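Below you'll find the structure, written out as structure tokens, and then a few comments.
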Ligand code: IDP
Ligand code: MG
């Protein structure tokens with residue numbers, strides 16, 4: 001499997017509910033590498049670009065309102081297969097259908113307040129990382145246990 005990067009964001013509900021460490025810790029304990037991290041309140045322009053594919057959906061306006069309503073914790077995680085694995089850790093979009101053990105399955109009930117975003121593919125990951133982060137904000141570093149983190 002190739003080393004990948006994915007964009008993950010703790011949405012305003014996750015931040016307001018005090019779930020940052022709970023959520024971040026799941027990725028850290030899994031063994032993925034955190035290479036960028038910041039807290040920001042997204043602008044409307046950023047939110048509309050981020051959710052651009054949903055522009056024509058009835059929930060778009062409410063989604064943009066919500067994601068811009070308060071601070072978000074934006075991250076880039078790196079590792080073998082991290083894009084699909086992050087989606088597995090996150091769970092189904094509808095929290096009531098998300099499996100126990102997943103972030104949404106354990107921590108959310110409402111589709112409009114499902115605490116976390118994760119990129120859904122290679123192209124979206126590249127697009128979202130470039131949208132939320134400057135190249136200078138991404139740290140290429142080598143954990144001392146790097147050789148344990150990938151399939152040999
Ligand atoms: P994802 O976050 O699991 O990738 P998407 O289908 O890409 O799910 O939708 C993006 C976000 O839009 C969801 O996480 C959720 O917050 C919101 N959303 C999606 N569908 C609905 C809906 O039917 N009602 C309200 N919000 C929705
Ligand atoms: Mg999505």
Task: Count - residues of the stretch 109-125 that are free of Cβ contacts under 8 Å to residues at least 60 places away in the same chain and either more than 15 Å from ligand 1 (Cβ to nearest atom) or not in a helix (DSSP H, G or I) (or both) - done: 4
- [ ] Count, please, the residues in the stretch 74-108 that happen to be surrounded by 15 or more Cβ atoms within 10 Å (Cβ to Cβ), assigned to a helix (DSSP H, G or I), within 16 Å of ligand 2 (Cβ to nearest atom) and over 15 Å from the mean Cα position of the chain (by Cα).
- [x] 1
- [ ] Among the numbered conditions (1) within 16 Å of ligand 2 (Cβ to nearest atom); (2) under 16 Å from the mean Cα position of the chain (by Cα); (3) surrounded by 16 or more Cβ atoms within 10 Å (Cβ to Cβ), tell me where residue 112 comes up short.
- [x] (3)
Task: Subset of the stretch 39-73 that is more than 18 Å from residue 119 (Cα to Cα) and near ligand 1 (Cβ under 8 Å from one of its atoms) - its residue that is surrounded by the most Cβ atoms within 10 Å (Cβ to Cβ) - done: 66
Open item on the list: One residue is enough: does the stretch 29-36 have a residue meeting the conditions over 12 Å from residue 107 (Cβ atoms), within 16 Å of ligand 1 (Cβ to nearest atom) and more than 14 Å from the chain's Cα centre (by Cα)?
Closed with: no
TODO: Among the residues of the stretch 6-46, count how many are farther than 14 Å from residue 70 by Cα and not in a helix (DSSP H, G or I).
DONE: 11
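FYI, it's all coordinate maths here, none of it is from the lab. Not measured: the values here are computed from a predicted model. We place every Cβ from the backbone using ideal geometry, glycine too, and count neighbours over all the protein chains shown.
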